[in-house]
Structure formats: structure tokens, C-alpha cells
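This report concerns only the one structure given below.
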Amino acid sequence: MNFKIKAKENRKKRIISFDELVYDIINDLNVSNEFLVMNIKDNWEKIAGGILCSHSMPDRIFKHTLFIAVDHSVYSNELMMMKNTILKKIDDTIGPNIIKTVKIETKRLNEKRNVHTSWRK
């Protein structure tokens, strides 16, 4: 049985790496911001530290701004004082110039916020 697939304009005519394939799929599905947020969430303890990690979490990205949800204004203030350090660690983790600024929002955090990482423990 033979199948014919119509070629798209962006079809690759060479062997590509898995990393390049994943990058293309993320761009095609237009989920790059969600992917970046999940990547930052996975590394959040390393970026923010143990105590701040338990009281905050990256929420979303909009126009190169990372919104961080915090459960108390004290931790919000602490994160704002660490803003430059956090941006530097994010640049080291996911790549330079993707996140340009950070905004903090004080709101109730979902208790199940670390469910996606529990399978690794």
C-alpha cells in the first residue's frame, strides 16, 4: 500500500535532530509561551530558592513579561528585590532575552501547583 503526502512549504529535505523537531512542533502549535512557563516551573526551585519556591510560582508569559503568582505580599516584596537575580537565572535556564521583565501578582495559589513534577520524585 502506498501513501502520498502532500509536501508543505516548510518541509525539511534533510535529517533533523529531535531538538529541532520539538522546537518546530512547539512553534507550529503556537504553544511556545506555555512551554517556556512549564520549563521555568520545572526549574523554579533553582531559580527562586526553597522558601520563595514554596510561596510562589510562575503563572504566565505575555509580551516577554513573566507573571509570578505569590501567596503573600511579604514574598512579593522579596521577589521584587531579587528581580535582577531571577532574570539572570531565567536567562541561564531557558535562554537570553526571552523574558525581559517580571511582574508579581499576589493571589491564592492552587495547592496542586507542583503535580507535574511529582512523578520525578
(Q) Could you give the length gained by full extension between ASP28 and THR65, i.e. 0.36 nm per residue of separation minus their alpha carbon distance, to one decimal place? (A) 11.1 nm
**Q.** Ellipsoid semi-axes in whole angstrom, largest first, where each is sqrt(5λ) of the Cα gyration tensor of segment 18-111
**A.** 24, 14, 12
Q) Which ordering of ASP59, ASP19, ASP92, ASP42 is given by a fewest-first count of other beta-carbon atoms within 10 Å? A) ASP19, ASP92, ASP42, ASP59
Q: May I ask you to list the aspartates and glutamates whose Cα is less than 18 Å away from that of LYS89, ignoring any residue fewer than eight positions away on the same chain?
A: ASP42, GLU45, ASP59, GLU78
Q) How far apart, in nm, are two points set 7 Å out from the Cα along the Cα-to-Cβ line at THR85 and at THR106? A) 2.1
**Q.** Karplus 3J(HN,Hα) series, Hz, for segment 68-82 with 6.51 cos²θ - 1.76 cosθ + 1.60 (x for Gly, Pro)
**A.** 10, 8, 10, 8, 8, 5, 4, 6, 4, 4, 4, 5, 5, 6, 9
Q: Arrange the following residues from fewest to most other Cβ atoms within 10 Å of their Cβ: LYS13, LYS107, LYS46.
A: LYS13, LYS107, LYS46
**Q.** Segment ILE94-CYS53, extension gain: residue separation times 0.36 nm, minus the distance between their alpha carbons
**A.** 13.0 nm
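Each reported figure results from applying straightforward, stated rules to the coordinates on display, with no laboratory input. Here the structure is a predicted model, which is why all the values come from computation and not from measurement. So basically every Cβ, Gly included, is an ideal-geometry build from the backbone, and we count neighbours across all protein chains shown.
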